[in-house]
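Here's the structure we're looking at; comments come further down.
Since every read-out is calculated from the coordinates, none of them should be taken as a lab result. These numbers come from a predicted model, not from an experiment. Using ideal geometry, Cβ is built from the backbone for each residue, glycine included, and neighbour counts are taken over all protein chains shown.
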Amino acid sequence: MTVCPNGFLEEVEGFLAWLELEKGLSRNTIEGYESDLRHCAQFLKGKRVKGWRSVQPEHISAWTAALCKEGFAISSLARRLSALRSFTRFLVHEESWEADFMELISSPRSGRSLPGTLSIGEVESLIAAPGADHPKGLRDRALLELCYSSGLRVSELCNLDLQSIDLDHGFLRVFGKGSKERVIPVGEKALAAVREYIELGRPSYLKAHSGSALFLSNRGRAISRKMFWVLIKDYARAAGIAKPVKPHMLRHCFATHLLAGGADLRAIQEMLGHADISTTQIYASVEQERLIEEHTFHHPRNRRAG
């Protein structure tokens with residue numbers, strides 16, 4: 001890893017400690033911030049900048065230009081600038097610095113792809129695909145119902161245990177990225193499906209070593225992400241869905257369908273566990289595209305004559 005030069009190290013170390021102790025970010029995430037900041041500091045040192053307090057916007061522009069010449073993708077540039085922006089906000093708000101040299105720097109815009117999604121009818125067909133007359137069908141329907149009802153990441157879904165979900169009060173607790181706990185409401189249909197699976201399906205998968213994992217495989221252990229990938233693809237095929245359905249798609253459906261129903265973007269952000277509202281705003285783009293398509297197709301002034 002690139003070494004952080006003298007004159008820049010103290011502030012970086014303070015920021016990294018803050019990320020770990022105050023923000024509770026994972027080690028991998030913190031190491032990513034550290035790598036980006038050290039790379040920037042090395043460049044600035046090469047430009048004879050003495051420390052972070054001496055940095056000017058033009059220095060950052062020069063760094064960005066150098067990264068472009070090295071062939072870095074727009075997404076990589078945006079990530080590095082985002083790390084630097086978080087760092088300077090820390091310096092201003094936590095260390096009482098007066099100037100923020102990132103204030104006038106804008107992130108490069110990329111053609112960010114919108115997440116794939118399904119219609120409500122397609123989701124209903126997908127969830128109905130598992131048969132409800134045997135343990136596997138009960139488990140898989142509960143999996144799909146809960147994923148769509150709560151917007152969980154696949155890893156979060158697979159790691160749930162019996163204590164994670166409160167069937168009586170209709171919510172679940174999950175630890176997401178950065179070991180942050182969040183509470184998510186669960187819909188009635190998902191609660192009913194999970195309850196039926198626990199009572200009638202889960203006992204068939206229990207082994208001596210099973211423990212409290214909620215969704216069990218044939219071996220009596222928590223199902224894996226790979227297994228969920230296979231399941232959702234098989235059920236999409238059985239439901240006659242032509243789109244390429246991926247495990248993360250139900251999370252996208254959860255967000256876009258809530259937004260279409262009038263849910264507040266901040267509430268969706270909290271349920272998804274996004275640290276930044278800008279991550280959640282992409283679902284607003286999905287809904288805007290849908291509305292444009294609806295307008296184009298249905299408005300009489302958009303229909304072609306004859």
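For the reader, a short list of remarks on this structure follows.
- Diffusion coefficient of region 9-67 by Stokes-Einstein, Kirkwood radius over Cα pairs, 20 °C, 1.002 mPa s: 174 µm²/s.
- Taking the number of Cβ atoms within 10 Å of each Cβ as an exposure proxy, the fewest-first ranking of Phe175, Phe254 is Phe175, Phe254.
- Sorted from greatest to least, the principal axis extents spanned by the alpha carbons of region 9-135 come out as 71, 35, 23 Å.
- Overall shape: oblate for region 161-207, with the ratio a/c of the largest to smallest alpha carbon gyration tensor axis at 1.5 or above and b/c at least equal to a/b.
- Computed from the Cα positions only, the extents of region 120-295 along the three principal axes stand at 54, 37, 28 Å, in decreasing order.
- Computed packing ranks the peptides 134-144, 203-213, 162-172 as 134-144, 162-172, 203-213, most packed first, by mean other Cβ atoms within 10 Å.
- Note on Ala65/Arg89: beta-carbon distance plugged into 1/(1 + (r/R0)^6) with R0 of 22 Å gives a FRET efficiency of 0.40.
- Label zone at Ala128, where the point sits 7 Å out along the Cα-to-Cβ direction: region 216-234 residues whose backbone N lies under 20 Å: 232-234
- Here's the list of lysines a cross-link from Lys23 could span, going by alpha-carbon distance under 20 Å and ignoring same-chain residues fewer than 8 apart: Lys177, Lys180.
- Our note on the geometry: Cα centres of region 210-237 and region 1-32, 37 Å apart.
- Residue separation of Leu162 and Lys23 scaled by 0.36 nm, minus their Cα-Cα distance, works out to 47.3 nm of gained length.
- The Cα-based radius of gyration and maximum Cα-Cα distance (Dmax) for region 60-163 are 22.6, 66 Å.
- Using the alpha-carbon positions of region 147-250, Rg (one decimal) and Dmax (whole number) come out as 14.0, 41 Å.
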